[in-house]
Each structure stands twice: as structure tokens, then as C-alpha cells.
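Laboratory data are not the source of any read-out in this text; all were calculated from the coordinates shown. What you see is a predicted model; the values in this text were computed from it and never measured. A quick note on method: Cβ atoms are made from the backbone with ideal geometry, for glycine too, and the neighbour counts reach across all protein chains shown.
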């Protein structure tokens, strides 16, 4: 079955530290890939997306993600985390023959002062 | 622009009651979506509408119906609510299949 996995349910980092959130997908072909962020009580906001081309994608709020076909991964990174980055992060994939987005279960990020 | 709006923000129902969740977007998007969000499961697609006049089932359509009233509005109806439908419901819209989806603020529904 096609799926998106996020191995880490909860990650805690100190403010100013670097961050990497993992995402793996299982699809026959490369899907379109997305990272969304959800602050408490809010809807989802797009951080970045990958369709094709350069495998390193820049997004908003200083985030970037790297697509690695060999590892079926699309990990999200940020060099220096801010307290306002505390939120839940969702990786998602879109199959190219339909409109069904598939979301991963999410990773909750806590930031220590 | 308000983006994607949803009403109501909160709702409590008794088992067997019916209700309709409303969603509207002012971005002239063709596609609209309904998701439910449950702890540890991410978002799961209930129904979507690729364009005005069309609707299709997503991953978890049972117990729900939808109506694409016009290009702006996409409603989700629970005909006979069940406790398993307690969830947070999100509406989203996008201009095309591969475009970014923009999400509403959500409706928190509790079924007793």
C-alpha cells in the first residue's frame, strides 16, 4: 500500500540547535511531496513542496528539505530552531494520477529555551 | 481575502443526530477537500471535489456525504452521527491537482 511514514512521534530540541525531521514514502513512482506545519489549534500551512528538479527545496521560515530517491526520503531540516517553531509537522505525498493526498502521522516538535 | 473559512468551529452532537459542516473559499480554486484529523493518524481524506459539479470518495468516506454547492462552497454532511466520528475536520482548497492545498481553521466535533 502507498503510504507516508514519519518515524519520530515527538522530538525535543534546544533553541538554536539544528533540526531534522524524517519522512519516508512508499510509492512505485516518485510522488509529489510536501511538508506542512500545524500550530496548536490552527489549520495547516505549507512549508515547502517538491515536484521535480533540484532535490534540495527551500521553503518558508528558513526550512529546507532534501529529496533522496535512493532512500525514498524527504527529510525536513532547519539549521537553527526558534521557539516559535514548536508545532506539529506533517509530511504528505500526492499520487500523480489522482488527487488523494496521503499524510504522514505527524511529528510534534518541542523547543527548549 | 479570507482564504478558507469553516463553520462551525465547535459542535457537540448526540449519537444519531445529523449536521452539516460548511466550507467556503474565496481564492477561485477548482479543487476542494474534506479531511478528518485524529491523534496519531495524521489527516485522512474523506471526500474531494476536483471541480464544480464533481465529487469523489477519499480514504474514509463511510458515514459522510458531500455537496459541491458552487465553486466556492463544499459542505460535509453527517446523516447519523456516531462516536467514531468525533474528530477535527479540515476543509482545504487548491487550484489544481498538483497545487498547494490551503486549509481552513478546522471544526472540532464531539459525538456523545
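Odds and ends about this structure:
- Distance (nanometres) between label positions extended 7 Å along Cα→Cβ at residue B:108 and residue A:14: 3.4
- Counting Cβ atoms of other protein chains within 10 Å of each Cβ in A:42-50 and taking the mean gives 4.
- Peptide packing: for B:78-89, B:27-38, the average count of neighbouring Cβ atoms within 10 Å per residue gives the ranking B:27-38, B:78-89, highest mean first.
- Inter-centroid distance (Cα atoms) of segment B:1-75 relative to segment A:38-113, Å: 23
- Using a simple spin-label model with pseudo-atoms 7 Å out from Cα toward Cβ, residue A:68 and residue B:79 lie 4.9 nm apart.
- Applying D = kT/(6 pi eta Rh) to chain A, where Rh is the Kirkwood radius over alpha-carbon pairs, T corresponds to 20 °C and eta to 1.002 mPa s, the Stokes-Einstein value obtained is 152 µm²/s.
- Between residue A:112 and residue A:77, the distance separating the two model label sites (each 7 Å from Cα on the Cα→Cβ line) works out to 2.3 nm.
- Label point 7 Å beyond Cα of residue A:58 along Cβ direction - residues of segment A:1-20 with amide nitrogen under 20 Å: A:18-20
- A Förster radius of 35 Å, combined with the Cβ-Cβ distance separating residue B:67 from residue A:29, puts the computed FRET efficiency at roughly 0.55.
- Protection proxy ranking of A:79-86, B:59-66, by the mean of other Cβ atoms within 10 Å over each peptide's residues and highest first, is B:59-66, A:79-86.
- Based on C-alpha pairs under 8 angstrom that are at least 6 apart in sequence, chain B has a relative contact order of 36 percent.
- log₁₀ of I(q)/I(0) at q = 0.15, 0.20 Å⁻¹ - segment A:1-63, Debye sum with one point per alpha carbon: -0.61, -1.06
- The alpha carbons of the protein assembly as shown occupy a box of 49, 38, 37 Å along the principal axes, longest dimension given first.
- Under Stokes-Einstein, with the Kirkwood radius over Cα pairs as Rh, the value for chain B at 37 °C and 0.692 mPa s is 238 µm²/s.
- Stokes-Einstein, applied to the Kirkwood radius of segment A:40-104 over Cα pairs at a viscosity of 1.306 mPa s and 10 °C, places its translational diffusion at 119 µm² s⁻¹.
- Per-residue mean of foreign Cβ neighbours for A:102-109 is 4 (Cβ atoms of other chains, 10 Å radius).
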